[in-house]
Amino acid sequence: MSFREDGIAAVDWVASYFERLHEFPVLAQVEPGELRSRLPTSPPETAEPFANVLRDLDEILLPAITHWQSPRFFAYFANTGSEPGVLAELLSAGLNQVGILWRTSPALQELEELTLDWLAQLLGLPDGLHGHIEDTASTCTMAALAAARQAKPGSRVVVTSEHAHSSVEKACRLLELEARLAPVDDAFRLRPDALDLSDACAVVATIGTTSTSSVDPVDTIADRAEAAGAWLHVDAAYAGSAAVCPELRTHFAGWERADSVVVNPHKWLLAPMDCSTMWTRRPDDLRAAFSLVPEYLRVSEDVVSLSEYSPVLGRRFRALKLWALLRC
């Protein structure tokens, strides 16, 4: 079989899968270790046709799939792999861009910058923010807190709600920062009056907590953070996509004052996993935390590569799927 024929078979498999989704039990129907016991313990000695991969996908892997795309999946976040995004993932894999520098893929960097500008407009965020894409909100939050630590040396405390996402505490562990948990009110919102910002380099407010969908009073928290000289990071990973609806913007009051904001299009905005978007009004601080350009990465162009704003060097062409779904 040729690449073209195998490709048609693969796309046909995905199309058939979408048509059959309602037939499958949502939860994987296997016990721990069952899938692995049905597969060879060593790699094959000779090449196999791609058709064998599709066969084993049907017969062995599919029973071990939890169907996040199912219309009956109600856990976490669901149904996010829209058709334009799925097709764009194929194009992205085919192009196989490695965005370590602007020069290694001008299309990757400039489309990412443009698409993040588009999305900021759709969400009602202010003009002029620097935006880029990471894999998950956990990485975005860690990047924001690393920049906050760099911007305020000697201040090693991050203040957040006791209902904040666990990624905040994990980032603090990795960055050797102290996570100070603030109490919440009867609606599970962080209480600004209970914020202790002594020695704080950052405050993390949440719009749409994981457990209760509560919305912290970001505007008031921004007042406190500004007075204390602390970085304000807004975690709107889940709920942020809802800001595309103007009638829901009241829930996002104050997030335009944040130093950084994270929204995950791979949750409510139909992007296939993974695609986490981050904006900041302090890109120079991110660059101060992450820019490290050794000799082999130096170029003659007067341009700052996205890798200088991120903890990672290489990046996938994730913007292609976001651009495709926003267009389609």
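Note on region 210-229: among residues that are among the β-branched types (Val, Ile, Thr) and at pLDDT below 95, the one that is surrounded by the most Cβ atoms within 10 Å (Cβ to Cβ) is 210.
How many of the residues making up region 78-98 are open to solvent by less than 40 Å² (accessible area, probe 1.4 Å) and either out of contact with any Pro (no Cβ under 7 Å at 6 or more places or on another chain) or among the basic types (Lys, Arg) (or both)? So the answer is 5.
As for region 171-179, it holds at least one residue that is modelled with pLDDT of 95 or more, in a loop (DSSP other than H, G, I, E, B) and not basic (Lys, Arg). Only one of the numbered conditions (1) within 27 Å of residue 249 (Cβ to Cβ); (2) touching an Asp or Glu at 6+ places or on another chain (Cβ under 7 Å); (3) surrounded by fewer than 19 Cβ atoms within 10 Å (Cβ to Cβ) is violated by residue 150, and that is (1).
Identify all residues within region 198-209 that are of a type outside the set (Ser, Thr, Tyr) and crowded, with 20+ Cβ neighbours inside 10 Å; write none if there are none. The answer is 200, 201, 202, 203, 204, 205, 207, 208. Each residue in region 48-76 was checked for being within 16 Å of residue 21 (Cβ to Cβ), part of a loop (DSSP other than H, G, I, E, B) and open to solvent by less than 90 Å² (accessible area, probe 1.4 Å), and 8 pass. Evaluation of residue 101 against the conditions (1) of a type outside the set (S, T, N, Q); (2) more than 17 Å from residue 132 (Cα to Cα); (3) over 18 Å from the mean Cα position of the chain (by Cα); (4) assigned to a loop (DSSP other than H, G, I, E, B) shows that the sole unmet condition is (2).
On the given criteria, is residue 243 more than 22 Å from residue 168 (Cα to Cα) and in contact with a helix residue (DSSP H, G or I) (Cβ under 7 Å, 6 or more places away or on another chain)? First the steps, then the outcome.
Working: more than 22 Å from residue 168 (Cα to Cα): yes; in contact with a helix residue (DSSP H, G or I) (Cβ under 7 Å, 6 or more places away or on another chain): yes.
Considered against the rule, which asks whether it is more than 22 Å from residue 168 (Cα to Cα) and in contact with a helix residue (DSSP H, G or I) (Cβ under 7 Å, 6 or more places away or on another chain), residue 243 comes out as yes.
Within region 142-164, can one find any residue that is out of contact with any Leu (no Cβ under 9 Å at 6 or more places or on another chain), under 21 Å from residue 240 (Cα atoms) and at pLDDT 95 or above? Checking region 142-164: not a single residue is out of contact with any Leu (no Cβ under 9 Å at 6 or more places or on another chain), under 21 Å from residue 240 (Cα atoms) and at pLDDT 95 or above.
Okay, residues lined up against (1) touching a helix residue (DSSP H, G or I) at 6+ places or on another chain (Cβ under 9 Å); (2) open to solvent by 40 Å² or more (accessible area, probe 1.4 Å); (3) in contact (Cβ under 8 Å) with a residue 40 or more places away in the chain; (4) among the aliphatic types (A, V, I, L, M):
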| residue | (1), (2), (3), (4) |
| --- | --- |
| 239 | yes, no, no, yes |
| 261 | yes, no, yes, yes |
| 267 | yes, no, yes, no |
| 273 | yes, yes, yes, yes |
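Residue count for region 283-303 under the criterion of being touching a residue at least 60 places away in the same chain (Cβ under 8 Å) and closer than 22 Å to residue 233 by Cβ: the result is 6. Of all the numbered requirements in (1) out of contact with any strand residue (DSSP E or B) (no Cβ under 9 Å at 6 or more places or on another chain); (2) open to solvent by less than 50 Å² (accessible area, probe 1.4 Å); (3) small (Gly, Ala, Ser), residue 300 misses one, and that requirement is (2). Residues in region 155-170 that are in a loop (DSSP other than H, G, I, E, B), open to solvent by 70 Å² or more (accessible area, probe 1.4 Å) and not basic (Lys, Arg) were compared, and the one that is farthest from residue 273 (Cα to Cα) is 162. For residue 286, the requirement of being surrounded by 19 or more Cβ atoms within 10 Å (Cβ to Cβ) and in contact with a strand residue (DSSP E or B) (Cβ under 8 Å, 6 or more places away or on another chain) is met. Scanning region 178-195 turns up no residue that is within 21 Å of the chain's Cα centre (by Cα), within 25 Å of residue 76 (Cα to Cα) and open to solvent by 40 Å² or more (accessible area, probe 1.4 Å). Looking across 174, 145, one residue alone is in contact (Cβ under 8 Å) with a residue 12 or more places away in the chain, among the aliphatic types (A, V, I, L, M) and open to solvent by 50 Å² or more (accessible area, probe 1.4 Å). It is 174.
The values are calculated or read from the model by the stated rules, or taken from the named source; none is laboratory data. Because the structure is predicted, anything quoted here is derived from the model rather than measured. Here Cβ is always computed from backbone atoms with ideal geometry, including for glycine, and neighbour counts include all displayed protein chains. Heads up: the accessible areas ignore ligands, DNA and RNA and are worked out on the full protein's heavy atoms, side chains in. Shrake-Rupley method; radii C 1.70, N 1.55, O 1.52, S 1.80 Å.
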